[in-house]
Protein chains: 2
Amino acid sequence: MSTHPQLSTPHRCALIEIVGADNLLTNAADRWCYGYDNSRRQGVPLAVAFVTSTAQVQQLLSYCHAERLPVTARGAGTGTTGATVPESDGIVIAFQRMNQIITIDPANRLARVQPGVINAQLQQAVGLYGFFWPPDPTSSAVCTIGGNLAHNSAGPRAVKYGTPRDNTLGLTAVTGDGTVIRTGVMTTKGVVGYDLTRLMIGSEGTLALITEATLKLTPAPAARRTIQITYADIHAAAAAVAAIMAQPITPCALEFMDAAAIAMVREYSDLGIGAEVGALLMVEVDGAVECVDGAAAAVTAAAQVAGMLVARVATTADEVAALWKTRKALSPALRHVAPKKINEDVVVPVAQMAQFVERLAALGREWGIRIVTFGHAGNGNIHVNVLPAAEYEFARARECVSAIFNTVIELGGTLSGEHGVGIEKREFIDRELTPAAVEMMWKIKQQFDPRGILNCGKTLPMSEEMR
Amino acid sequence: MSTHPQLSTPHRCALIEIVGADNLLTNAADRWCYGYDNSRRQGVPLAVAFVTSTAQVQQLLSYCHAERLPVTARGAGTGTTGATVPESDGIVIAFQRMNQIITIDPANRLARVQPGVINAQLQQAVGLYGFFWPPDPTSSAVCTIGGNLAHNSAGPRAVKYGTPRDNTLGLTAVTGDGTVIRTGVMTTKGVVGYDLTRLMIGSEGTLALITEATLKLTPAPAARRTIQITYADIHAAAAAVAAIMAQPITPCALEFMDAAAIAMVREYSDLGIGAEVGALLMVEVDGAVECVDGAAAAVTAAAQVAGMLVARVATTADEVAALWKTRKALSPALRHVAPKKINEDVVVPVAQMAQFVERLAALGREWGIRIVTFGHAGNGNIHVNVLPAAEYEFARARECVSAIFNTVIELGGTLSGEHGVGIEKREFIDRELTPAAVEMMWKIKQQFDPRGILNCGKTLPMSEEMR
């Protein structure tokens, strides 16, 4: 590991001056641990600097701007696209020690937090006041609010409660030349100036580093009902999703699994789902105690399309846990079958889901590769798992993924619903974005980060960068 | 009127080439009619060009960019800030004839519309499918979707359903150099590239002209309950608002009127509200039929703070109409008393409302000017009406407004919740925005509109423009 480039002595002195020796890692083994995320890519930065204040981030970025030193921001490293994998000639700014909940203000339905706060810790803290913050990625037990904002990460509740862009009121951030910028408001309305808050959310650390966020809180619903509904095939399930989304009760979760996903789970755990089941929906509704049974009935009635088999409403906590067991058993099962699975979080319009799943099956046959789908059906956000059985299938799997992306675009969808672009999807997104939009994004990037030090090589299509 | 500058012959020929002679107004009397909005400011443009397609807007802006000809976009001219009042050396692009609803897609909960569609027409059209589009400005019978998007105009329902930024999926727009840009997605999730959609919404025609929008539709609730609650004073009402917003049932409207507002209405109509009433809340809840009574009860229970007088739930359409009569009688009554009333739509955090209203009363006494407040309490969005009794009070009223703005900023609020900045608030907003944020906004403006032809002299603080 000693072959990795080393931080120069002047750089080391300058960084220690800003964050202190205890907050700078320069040992190669330590640096290695801050060089990967859940994409399984690996980089090794020159150093890792732990920050605890906006002032430190401001000083670091001023210095890195002056020295043209690349910077990658990092929360918990749970992203799946390589967006936090650093350049070997740059540093990582790690936010995990900048983890204070500054204020919880129930009367104004907001919380002010530092970016290193863990999503689950925030939920617990605001839960004491009867609130929650809607974004709930699967990794909520470990992922940070800063990472959620950088990626606009959502999760199942987004179908009813929206994504971070819908649940953030304002930001403090530091741009690529070390300028502190404050955006947004403390209120749920505000139209003074341009919306820089949402521009920075989802920009994956390429425009500015978020050092504080004012989050909009939502009162926790008093009750919830969970319903598992089985279907003969995926077309019936897709028709049910469209019917559910066309009636007034919006579920707070609407997840689906295709036949291949159910078969996979069946191999690894006993879920009591018969062989006649070709697709499955998990639906949750929430609201006031006196409303949830009516809501569950309305959703179940909408879900009664031709091909529906059984709808089961859970009422006790144990029953709910049993129903979710099916869904939660899936990801480990998939990893077991195909450790190198490719999980793409594409989105298609809800009404096009049935057609999309049909075309996926055709693509699987054409490329001779197993494809398993599940995901957030209410948003049309489908996790397409392409499962190469062995190493030699990997290149073919990548080509199959490319064909899947073309299908998504044809159906009016988008290449990522919540994982983002990072490094993984960078070569594909100009299939979705028009050249004029990409050019405008690069121009905006240059205003925030004139020397291109923030997360180089991520997020925007490379075509334009080369101009 | 013949003294107004005239369009040069080459310009006239070029514009006729693009939109046709029938779609170009150059007569001074005609131009006058397209030179004002509800701010009562008046400009007279060189010409008014009616467009019907993105291609025409693209050609017009390419030409105006080449010729450095200023452009102001106009929907129905219902804005209150002068944002559609044109420069005398520029043209107006009028969108009222570009008014087609292109698609209503209930299965995907979206509608694609041209910018000249009237808000009420959209509501009627999507209502046939059981949906609505949440933004509902008071002017919804006449204002256009393009104007709603340009100003991020909301209305009472925003407290539950959000503003245009929360209810728009994607845009087609033409930037200041005539480039057509497509942004956003057709789905409720999407994280590919930067969020240019929300950046353009609320930018008041200074970044690009919107020529098509994909709007997110919401299923219409099956039932609604309207409650009128009276209080001994404004402090009790403000405490009730905070209590209502801290429990799980979010009303779909939460309006308030202070004692001065009630007194004013009492002078002009018989509302049966006793002299002991010092403040009034109008609350609406919506949802499934079996839920609204429970929701009304929950909200009414939360509203039962010390100082509450009477809560009346309306159940018939007539009763609802009677309750809203109080609220609707207000604006005409105010105009009657003070034709030159200054209506500012400031926002303060909900928990600071009582303090704000108290400080407003003190400012009214200090400046010797009558101040009446009402508005969207659930968002803290307060319409502060400063009522100069006569012409000679007008300068003093402006100074009083300036002091009110300082109070809003001190309390953590924002200077505009939904009317926007336009010309009216331009000189004030750098009290709210930091210099770094303003500088970034100007830099972004320059990327979209390199020659500054789009709505010159609006929206951003002038300080920076002069640099």
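What follows draws every value from the coordinates through simple rules; no lab data is involved. From a predicted model like this one, the values you see are computed outputs, not experimental measurements. Every residue, glycine as well, gets a Cβ built from its backbone with ideal geometry; the counts of neighbours run over all protein chains shown.
Got a sec? How would A:Arg224, A:Arg97 order by Cβ neighbour count within 10 Å, fewest to most?
Least crowded to most crowded, the residues run A:Arg97, A:Arg224.
Take the eigenvalues of the Cα gyration tensor for the range B:187-321, scale each by 5, and report the square roots as semi-axes in whole Å, largest first.
35, 20, 16
Ranking B:Leu15, A:Leu128 by Cβ neighbours within 10 Å, fewest first, what do you get?
Fewest-to-most Cβ neighbours within 10 Å comes out as A:Leu128, B:Leu15.
Give a residue-ordered list of calculated ³J(HN,Hα) values for the range B:430-447 (Karplus: 6.51 cos²θ - 1.76 cosθ + 1.60, θ = phi - 60°; whole Hz; x for Gly, Pro).
The phi angles translate into 6, 6, 9, 7, 7, x, 5, 5, 4, 4, 5, 4, 5, 5, 5, 3, 5, 6 Hz.
Along the principal axes of its C-alpha atoms, what lengths does the range B:9-94 span, in descending order and rounded to whole Å?
Computed over the range B:9-94, the largest-to-smallest principal extents equal 33, 24, 23 Å.
Output needed: percent of Cα pairs per 10 Å distance bin for the protein assembly as shown, bins running from 0 to the one holding the longest distance.
Calculated over all Cα pairs of the protein assembly as shown, the distribution is 2, 12, 21, 24, 21, 13, 5, 1, 0 percent.
Put +1 on the Cβ of every Lys and Arg and -1 on every Asp and Glu Cβ in chain B; which of B:Leu387, B:Ile93, B:Thr168 then has its Cα farthest towards the positive end of the dipole?
Farthest towards the positive pole: B:Ile93.
Please get the size of the charge dipole for the range B:1-105, origin at its Cα centre, with Cβ charges of +1 on Lys and Arg and -1 on Asp and Glu, quoted in debye to the nearest 20.
On the way: 7 positive and 8 negative charges, 45 e Å.
The dipole of the range B:1-105 has a size of about 220 debye.
What percent antiparallel are the DSSP beta bridges of chain B, to the nearest 5?
Numbers: 63 of 72 bridges.
About 90 percent, rounded to the nearest 5.
Determine the dipole magnitude for the range B:101-219: charges of +1 sit on the beta-carbon of Lys and Arg, -1 on that of Asp and Glu, nothing else is charged, the reference point is the Cα centre, and the result goes in debye to the nearest 20. Don't skip to the answer; put the middle values down first.
Numbers: 9 positive and 7 negative charges, 67 e Å.
Magnitude of the dipole: close to 320 debye.
Over the range A:323-467, what is the relative contact order in percent, taking alpha-carbon pairs closer than 8 angstrom and at least six residues apart? All intermediate terms of the calculation are to be shown ahead of the outcome.
Details: 173 pairs, mean separation 33.7, N = 145.
Relative contact order for the range A:323-467 comes out at 23 percent.
I want to verify the translational diffusion coefficient of the range B:101-219 in µm²/s; compute it with Stokes-Einstein, Rh as the Kirkwood radius over Cα pairs, at 4 °C and 1.567 mPa s. Please list the in-between numbers first.
Numbers: Rh = 14.1 Å.
Value of D from the Cα-based Kirkwood radius: 92 µm²/s.
Looking at the protein assembly as shown only, what percent of DSSP beta bridges run antiparallel? Nearest 5 please. The partial results should precede the final answer.
Details: 126 of 144 bridges.
Just about 90 percent of them are antiparallel.
Can you list, by residue number, the Cys in chain B that have no neighbouring cysteine C-beta under 4.7 Å?
Singleton cysteines: B:Cys13, B:Cys33, B:Cys64, B:Cys143, B:Cys252, B:Cys400, B:Cys456.
Take peptide A:446-457, look around each residue's Cβ out to 10 angstrom, count Cβ atoms belonging to other protein chains, and average those counts.
Numbers: counts 2, 8, 4, 0, 1, 0, 0, 0, 0, 0, 0, 0.
Rounded to a whole number, the mean comes out at 1.
Once phi is turned into ³J(HN,Hα) by the Karplus curve 6.51 cos²θ - 1.76 cosθ + 1.60 with θ = phi - 60°, what whole-Hz value does each residue of the range B:228-245 show in order, with x for glycine and proline?
10, 10, 10, 9, 5, 8, 5, 5, 4, 5, 5, 5, 5, 4, 4, 5, 4, 6
In the P(r) worked out for the range B:303-405, what percent of Cα pairs fall beyond 23 Å?
Values: 1963 of 5253 pairs.
Roughly 37 percent, once rounded to a whole number.
Treat the count of other C-beta atoms within 10 Å as a stand-in for reagent exposure and order B:Thr230, B:Thr459 from fewest to most.
Values: B:Thr230 22, B:Thr459 29.
Fewest-to-most ranking of B:Thr230, B:Thr459: B:Thr230, B:Thr459.
Kirkwood hydrodynamic radius of chain A from all distinct Cα pairs, in Å? Working shown, then result.
Numbers: mean 1/r = 0.0429 Å⁻¹.
Result for chain A, one decimal place: 23.3 Å.
To the nearest 0.05, how large is the calculated FRET efficiency for B:Gln247 and A:Glu399 if R₀ is 45 Å and r is the Cβ-Cβ distance?
Details: r = 54 Å, r/R0 = 1.20.
According to the calculation, E is roughly 0.25.
What does the copy distance list look like for B:Ser53, label position 7 Å along Cα→Cβ, in nm and ordered from shortest?
Counterpart label points of B:Ser53 in the remaining copies fall at 6.1 nm.
Which distances in nm, rounded to one decimal and ordered from shortest, link the label point of A:Gln304 to the equivalent label points in the other identical copies, with labels set 7 Å from Cα toward Cβ?
Spacings between copies for this position, smallest first, are 3.9 nm.
Take the residue pairs B:Lys160/B:Lys325; A:Lys425/B:Lys189; A:Lys160/A:Lys445; A:Lys425/B:Lys445; A:Lys216/B:Lys445; A:Lys216/A:Lys445 and return only those whose Cα atoms are more than 20 Å apart.
Details: B:Lys160/B:Lys325 22 Å; A:Lys425/B:Lys189 16 Å; A:Lys160/A:Lys445 32 Å; A:Lys425/B:Lys445 29 Å; A:Lys216/B:Lys445 28 Å; A:Lys216/A:Lys445 27 Å.
Listed pairs above 20 Å: B:Lys160/B:Lys325; A:Lys160/A:Lys445; A:Lys425/B:Lys445; A:Lys216/B:Lys445; A:Lys216/A:Lys445.
Shortest first and in nm with one decimal, please list how far the A:Val289 label point sits from its counterparts in the other copies (point 7 Å along Cα→Cβ).
2.5
Dipole of the protein assembly as shown, Cα-centred, from +1 at each Lys and Arg C-beta and -1 at each Asp and Glu C-beta, to the nearest 20 debye?
Values: 78 positive and 86 negative charges, 70 e Å.
Around 340 debye, computed over the protein assembly as shown.
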